[in-house]
Every structure is written in structure tokens, then in C-alpha cells.
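One structure below.
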């Protein structure tokens with residue numbers, strides 16, 4: 001994020017802009033290091049080195065490690081959750097299928113714009129002992145999460161959503177289906193980042209699985225007997 | 001796993017049995033530590049201490065750290081994958097719904113018998129940089145994984161399985177849906193282990209989501225228009 005101005009083409013950057021850039025740049029660098037190697041393994045020296053500044057600069061902007069973690073969560077991670085849970089149109093809120101599809105689409109959108117998110121989420125938020133977990137839990141919009149469960153339960157009672165789904169578990173299922181492959185795909189494919197065609201394939205696959213899974217079971221028996229028509233506890 | 005024999009009630013344990021028990025006990029203790037705190041954070045001293053033996057005993061049975069990791073994977077982790085992928089009946093193999101349900105049931109079975117598995121899987125196998133990952137990849141039964149994809153693709157072409165699912169991604173979806181909640185539920189619920197009622201609820205939920213998701217889309221349009229009937233890329 002820092003720009004090197006060449007003597008021949010001054011960019012007209014005022015000193016005040018440079019100061020803002022450094023703090024943002026430090027946050028970007030830290031987020032990437034946390035995502036790549038985890039919070040515990042990341043030192044202030046590494047952050048400073050990756051950002052091209054003195055370690056004193058890191059302390060200048062973030063005082064200490066705890067405040068740095070606060071800033072990462074407040075300014076980088078929590079906004080992604082806020083994006084996913086932002087209010088939807090009334091029409092969307094009424095239809096649990098459209099609502100679930102909206103969550104899926106937003107998760108793919110936000111992880112596309114922030115490729116560091118899945119790995120960071122897996123390492124430090126959902127993982128037992130994750131070092132950003134307690135901070136993120138405080139910032140989760142539990143009201144919105146609850147409203148989604150209520151919408152689902154209502155639709156289940158009306159017969160428009162699969163009654164065998166557990167309403168309180170569905171959002172976590174969506175998270176698992178989207179985030180786990182995105183967090184682990186790098187190793188699976190041995191290439192940096194994930195090719196767009198793979199992301200689109202996963203997006204279609206998860207959408208199909210969710211939309212199909214949310215459907216109420218068919219009334220007419222299918223031609224081939226299968227597990228769904230047998231009651232399994 | 002070690003038993004303390006009281007002077008009054010000799011258990012009649014022969015020295016040979018004691019030796020076998022120590023090695024198995026060390027493997028059990030190591031697996032639990034790896035699951036609880038990760039491979040990198042676990043030292044030989046901690047293993048010895050937790051097992052109630054001298055560190056020299058750990059080296060006696062496992063020579064060095066690399067051989068210890070080999071033994072953990074060979075004797076504790078890989079057998080769980082072998083269990084999940086063990087051959088099924090011909091009837092099961094023909095029906096992708098029954099096959100998928102079988103995988104779900106086996107995953108719940110094996111994680112019930114080995115509660116350390118989900119967390120270990122999340123920390124060290126699926127996670128980027130997981131320290132048991134490369135060993136496990138070598139031991140995955142890729143033929144069986146491939147066969148499942150082929151069975152799905154065939155059923156999709158015959159119209160009995162949702163054509164919008166990606167056959168090659170479905171098993172990983174099943175893994176994500178089962179393992180992620182089991183690996184993270186401890187923190188979510190703040191109780192050691194997961195109550196049986198929660199496991200059963202998750203089991204039913206995942207089964208319903210998968211069986212519904214694998215269904216081909218309905219031919220007759222549903223009463224309420226929803227996202228599945230809009231084409232989304």
C-alpha cells in the first residue's frame with residue numbers, strides 16, 4: 001500500500017496521507033501474516049520488517065500486542081461479519097431460501113475481496129484456542145443470527161423448508177461449506193490463491209447443496225428408494 | 001490406561017503386557033495432546049510427563065519426533081480414514097444416497113469413539129501448515145474417493161442426483177459439515193465433550209441437508225419462488 005514516488009513524477013502526496021497509509025499498511029501486513037502463519041507465530045519485528053518500517057513505528061501506532069489484535073479485529077475482521085449480516089430487503093428477509101443464498105453470495109464476495117479471510121478464520125476464530133476468537137464472539141451480531149433461525153423455524157412450521165434441518169445449525173453449515181474449502185484449497189491445488197473457475201464451481205456447488213437441502217421432502221416417493229425415505233436417527 | 005496394582009489385589013499382569021500397554025498409552029497420550037494443543041506445542045517432556053514415564057521411555061519406543069508422528073498417523077489417524085472408506089455392500093455402492101448417508105454415519109461413529117479426532121483433523125490435517133497433513137495425504141484411499149465421484153456423476157447423468165452439485169466436492173462438503181462443528185463445539189458450549197443430544201441433533205441435521213441437497217430439483221415449480229429457481233452463477 002505504500003507508494004514509492006519517483007523524483008521525476010511527484011505524486012503530490014501530502015505528509016498527512018503518508019501517515020494514514022502507514023497505519024493501514026501495517027494493518028494489511030499484519031492481517032496477511034496472521035492469515036499465513038497464525039497470530040502466535042507473528043512477532044512485531046516480522047510485521048515491521050514486512051511493512052518496511054522500524055518496530056518502533058508498530059508500537060507508535062498500536063501501543064502493544066493486545067491493542068494490535070483489537071485493531072485487527074475491529075478494522076479488518078469484524079467488518080467482514082458485518083457485511084455478511086448487513087440488513088437485507090424485506091422481501092429477502094421473508095424468504096429463507098433467498099436469505100440463505102444471500103449469505104452464500106456475500107461470503108464468496110467478501111472472501112474474494114479479502115483472500116486472507118478463510119485461513120485467518122480457520123486458524124484464529126473458529127479453531128479451539130484461536131487467538132482472535134473471544135474478540136470476534138463479542139462482535140458477532142447475535143440478534144441477526146437469531147432472526148435467521150426464527151425465519152427458518154417459521155418456514156419449517158409452514159412446510160416451506162425441510163423440517164429435518166436444525167434451524168440453529170444452518171448458518172454454521174453454510175460457513176463450513178464455503179470457508180473450509182477456501183481456507184484449504186491453496187494446499188490442495190498447490191497454487192497461490194484459487195483460480196476463479198474453482199471459486200465459481202464451489203459457489204454453484206454450495207448453492208445447489210443448500211437450496212436442495214432446504215427443500216421440504218417430496219410427497220410423492222421417488223422411483224428409486226434411497227436413504228432419505230428411510231427414517232434415520 | 002496404566003493401571004496401578006494395589007498390594008492386596010495383584011492384577012496378575014505379566015511384564016510383557018505392561019510393555020505393550022506403555023507404548024499404546026504413549027500413543028494415546030500423544031494423540032490427546034496433539035488434539036488439545038497442536039503438534040508444534042507438544043514436547044517429548046510433556047508427553048512423558050502426561051504418561052507418567054521418563055522421557056527416555058518415549059525415545060525408547062519412538063526413537064525421534066519424526067517416527068513418533070509416523071506412528072501417530074499410522075496407528076491412530078489413518079485407521080479412522082480407512083474405517084470411513086472401508087468397502088460397502090454392492091447395494092450401498094450402487095446408491096449414492098445410501099453411500100453418502102453411510103459416510104455421514106461412519107464419521108459420527110468414529111468421532112464418537114475417538115473424540116480427539118475432529119480437533120486434530122482441524123489443527124493438523126486440513127489446516128494449511130498442518131503438521132500431519134503430508135503424512136495423511138499419502139495414506140488417503142484416493143481410489144475410493146475417486147469411485148464415489150464416479151458413482152455421483154453417473155447418477156447425475158441418469159437424473160437421480162442433483163446435477164448442479166460438483167461430484168468431486170461432495171465428500172469434502174460432508175467432512176466440513178460433520179467435522180467442523182464437532183471440532184469447535186467444545187468452545188461454543190463451554191462444556192468438555194459434546195452432549196449426546198447435540199451430536200444426534202447434528203447427525204440428523206447433516207443427514208437431512210445432504211439427502212435433500214442430493215435430490216434432483218423438482219420438475220413442478222414450488223408455490224413460492226425462491227433462489228433455486230433463479231439461475232445463479
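Quick note: the coordinates plus some simple rules give every number you see, no bench work behind them. As the structure is a prediction and not an experimental result, all values here were calculated from the model. When we count neighbours, we look across all protein chains shown, and the Cβ atoms used for this are built from the backbone with ideal geometry, even at glycine.
Please compute the average number of Cβ atoms from other chains found within 10 Å of each residue's Cβ in peptide A:155-166.
If you average over the peptide's residues, the count of other-chain Cβ atoms is 3.
Once both labels are modelled 7 Å past Cα along the beta-carbon direction, what's the residue A:131-residue B:40 spacing in nm?
0.9
Please work out how much length the chain gains when fully extended from residue A:54 to residue A:197, using 0.36 nm per residue of separation minus the C-alpha to C-alpha distance, in nm with one decimal.
Working it through step by step, the gained length comes to 47.4 nm.
Mind running the shape call on the range B:65-214? Use the C-alpha gyration tensor, a ≥ b ≥ c as the square roots of the eigenvalues: rounded below 1.5 for a/c, prolate if a/b tops b/c, oblate otherwise.
oblate
Any idea what the residue A:139 label distances to the other copies are, label 7 Å down the Cα→Cβ vector, nm, shortest first?
3.9
Taking a label point 7 Å out from Cα toward Cβ, give me the nm distances from residue A:37 to the same spot in the other copies, shortest first, one decimal.
2.2
I need the shape label for the range A:133-172. Rule: rounded when a/c is under 1.5, else prolate if a/b > b/c, else oblate, with a, b, c from the alpha carbon gyration tensor.
prolate
What is the distance, in nm, between label points placed 7 Å from the Cα along the Cα-to-Cβ direction at residue B:149 and at residue A:143?
With each label point 7 Å from Cα toward Cβ, the separation is 4.6 nm.
Which of the peptides A:93-101, B:104-112 is most tightly packed, and how do the rest follow, going by the mean number of other Cβ atoms within 10 Å of each residue?
In decreasing order of mean packing, A:93-101, B:104-112 become A:93-101, B:104-112.
I want to check the label-to-label distance for residue B:204 and residue B:28. Put each point 7 Å from Cα in the C-beta direction and report it in nm to one decimal.
Output for this residue pair reads 3.4 nm.
Run through the other copies and list how far each one's label point is from that of residue B:74, in nm with one decimal, shortest first; the point sits 7 Å from Cα along Cα-Cβ.
Those separations, rounded to one decimal, come out as 5.3 nm.
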